[in-house]
Amino acid sequence: MAWIRTVCGRIKSDFRYSKEVVYNNFPWCDPDEKQKATIEKTAQMILDARAKYPDCSLADLYDETTMPPELRKAHQANDKAVMQAYGFD
């Protein structure tokens, strides 16, 4: 969201997305093979956690107060893996 708030245009108070301005110039990292494998593993953990709740919408799953613990943990692991690929602790 920091990237979106910085780069996107706006119409009223809504963000205006553009592939030329928003997505094609995003500063992607260049992860090594070990980092890629970790990111893939943690992304699969997110999908696996979601699959445990087939009757829930994304709105249900991502409600801050009721988010399933295994989904939150999977996202935290994925966030950490991506941040490490960008060179952050």
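FYI, it's all coordinate maths here, none of it is from the lab. Here the structure is a predicted model, which is why all the values come from computation and not from measurement. Cβ: placed from backbone, ideal geometry, glycine included. Neighbour counts: every protein chain shown.
Details
- Candidate set: segment 16-41, residues that are touching a helix residue (DSSP H, G or I) at 6+ places or on another chain (Cβ under 7 Å) and free of Cβ contacts under 8 Å to residues at least 40 places away in the same chain; chosen: the one surrounded by the fewest Cβ atoms within 10 Å (Cβ to Cβ): Phe26
- Residues that are loosely packed, with under 12 Cβ neighbours inside 10 Å and within 14 Å of the chain's Cα centre (by Cα) within segment 44-60 comprise Leu47, Leu58, listed in sequence order.
- Scope segment 46-72; condition in contact (Cβ under 8 Å) with a residue 12 or more places away in the chain, assigned to a helix (DSSP H, G or I) and basic (Lys, Arg); matching residues: Arg50
- Enumeration of residues in segment 44-89 that are among the polar types (S, T, N, Q) and either within 19 Å of Trp28 (Cα to Cα) or touching a Phe, Trp or Tyr at 6+ places or on another chain (Cβ under 9 Å) (or both): Asn78, Gln84
- Of all residues in segment 6-43 being assigned to a helix (DSSP H, G or I) and over 22 Å from Asp79 (Cβ atoms), the one that is nearest to the chain's Cα centre (by Cα): Lys19
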